Amino acid sequence: IGLIKYVLYNKLENTYKVFGNTTEGVSPYFNFTSNNSIINTYNDKNDEILKKILSEKQKKIIESHDPNNDNPFLVIYHIK
């Protein structure tokens, strides 16, 4: 199985960025994109990496989440 690569086009600079993971090592499977962000549902595949960049308050929310009864989390990646 090949690695997934993402291609983002910057209209202002007329440039492309090709990447497989973010700087933090997260592979943001695209559900929805806007001009400067990617919105995705939380996925335990990136759990350990995401916990490295979340605040203590955010970590507690994720740890108390019950996927059987709670709505899914949305994760927003801001493109820099």
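Residue 48: open to solvent by 90 Å² or more (accessible area, probe 1.4 Å), at pLDDT below 75 and in contact with a helix residue (DSSP H, G or I) (Cβ under 9 Å, 6 or more places away or on another chain), yes or no? Lay out the reasoning, then the answer.
Working: open to solvent by 90 Å² or more (accessible area, probe 1.4 Å): yes; at pLDDT below 75: yes; in contact with a helix residue (DSSP H, G or I) (Cβ under 9 Å, 6 or more places away or on another chain): no.
Considered against the rule, which asks whether it is open to solvent by 90 Å² or more (accessible area, probe 1.4 Å), at pLDDT below 75 and in contact with a helix residue (DSSP H, G or I) (Cβ under 9 Å, 6 or more places away or on another chain), residue 48 comes out as no.
Quick check on region 31-45: of everything there that is part of a loop (DSSP other than H, G, I, E, B) and closer than 19 Å to residue 71 by Cα, which residue is modelled with the highest pLDDT?
Step by step, filter region 31-45, then rank; the result is 42.
In region 51-67, what count of residues is obtained for those that are more than 21 Å from residue 25 (Cα to Cα) and open to solvent by 100 Å² or more (accessible area, probe 1.4 Å)? Lay out the reasoning, then the answer.
At the first step, the residues of region 51-67 found to be more than 21 Å from residue 25 (Cα to Cα) are 57, 60-61, 64-67.
From the residues that got through so far, the ones that are open to solvent by 100 Å² or more (accessible area, probe 1.4 Å) too are 57, 60.
The total comes to 2.
Residue pairs, Cβ under 6 Å, 6 or more apart or interchain, first in region 11-22 and in a loop (DSSP other than H, G, I, E, B), second modelled with pLDDT of 90 or more and loosely packed, with under 10 Cβ neighbours inside 10 Å. List them.
Pairs that qualify, where the first residue is in a loop (DSSP other than H, G, I, E, B) and the partner is modelled with pLDDT of 90 or more and loosely packed, with under 10 Cβ neighbours inside 10 Å: there are none.
The values are calculated or read from the model by the stated rules, or taken from the named source; none is laboratory data. Because the structure is a prediction, the values reported are computed rather than measured. Virtual Cβ from ideal backbone geometry, glycine too; neighbours counted across all protein chains shown. The area values use the complete protein model at the heavy-atom level, side chains included, leaving out ligands, DNA and RNA. Shrake-Rupley method; radii C 1.70, N 1.55, O 1.52, S 1.80 Å.
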